[in-house]
Amino acid sequence: MARGGPIETADEAMVLARVRAGETAAYAELVNLHAPIARRLAVLSGAGSDADDVVQEAFVKAYRSLSSFRDGADFRPWLLRIVVNETRNLHRGQSRRVARELRDVRRGASLVADSDPAEVAVVHERRETLLAAIRALPEDLREVVTCRYLLELSEIETAESLGIPNGTVKSRLRRGLTRLREELAHV
C-alpha cells in the first residue's frame, strides 16, 4: 500500500488478515495510512488539542474490536466512525468545544508569504467568516459538512463514518449548505 495514496479495500483486507493472524506489527500499516485523516476529523469534530489522544484511543478501540469488523468492508469509514464517537464522548456537553474545533486548521493554514498584504487580509477574513459560520451550525449539520467538504469524504464514507444513512447525509448536507448560504449572504 502506498502511503497517502488511494487505499484499496483488497490491500486493507490483506493487512487485516495479517493482523488477525497474529502479526500485530501489520496494524501499524493501517495506522500510518489512516492517522492523518483520523486526526483531521478529530480536530474538525471538536477534539482540538486532544485530537492525538482521540485518534490514539480510536485506533486502540478499533484494534480491540477487529473481531467485529465485517470482512470485505472498508476500514477507513469504520475507523472514522470510532473517531467521531470518541470525539463526541470526549467533549459531550462542553461549551468550549466549538471554540477549539478548528484551531489546528487555522494554525495549519498558510498563506503565501509574497502575496499582496491586502489580498492576504481578505482571504484570511473570508476563511474566518466561513469557519465561524460552520462552527455555528448545529452539530449534526456541522459534522456532515465537515466530512464532505473539509475532509473530502464521499457521501457513502460520510454516512459510514457518522453511522447514519446515506439519505440522512444528503438531507443534512442540503440543510447545512442552505444555512451557510443564508448566513454568508448577509456578510
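Read-outs: derived from the displayed coordinates by stated rules, not from any lab. All of these numbers come straight from a predicted model, not from anything done at the bench. Reconstructed Cβ throughout: ideal geometry from the backbone, glycine too, with neighbour counts over all protein chains shown.
Just going by the charge dipole of the range 1-93, with Lys and Arg at +1 and Asp and Glu at -1 on Cβ, which of Gly46, Tyr27, Ala13 is farthest out on the positive end?
So the residue we want is Gly46.
Compute the signed sum of charges (Lys and Arg +1, Asp and Glu -1) over the other residues within less than 9 Å, Cβ to Cβ, of Trp78.
+1
In nm, give the distance between the simple-model label positions of Thr168 and Ala73, each being 7 Å from the Cα along the Cα-to-Cβ direction.
Here the answer is 1.5 nm between the modelled labels.
Fully extended, how many nm does the chain gain between Val60 and Ala13 (0.36 nm per residue separation, minus their Cα-Cα distance)? Provide the component values of the computation, followed by the final result.
Details: separation 47, 0.36 × 47 = 16.92 nm, distance 1.84 nm.
Between Val60 and Ala13, full extension yields 15.1 nm more.
Simple spin-label model, 7 Å along Cα-to-Cβ: Val120 to Asp140 in nm?
4.3
Could you compute the FRET efficiency for Asp52 and Thr178, with r as their C-beta to C-beta distance and R0 at 30 Å, rounded to 0.05?
The calculated FRET efficiency here is 0.30.
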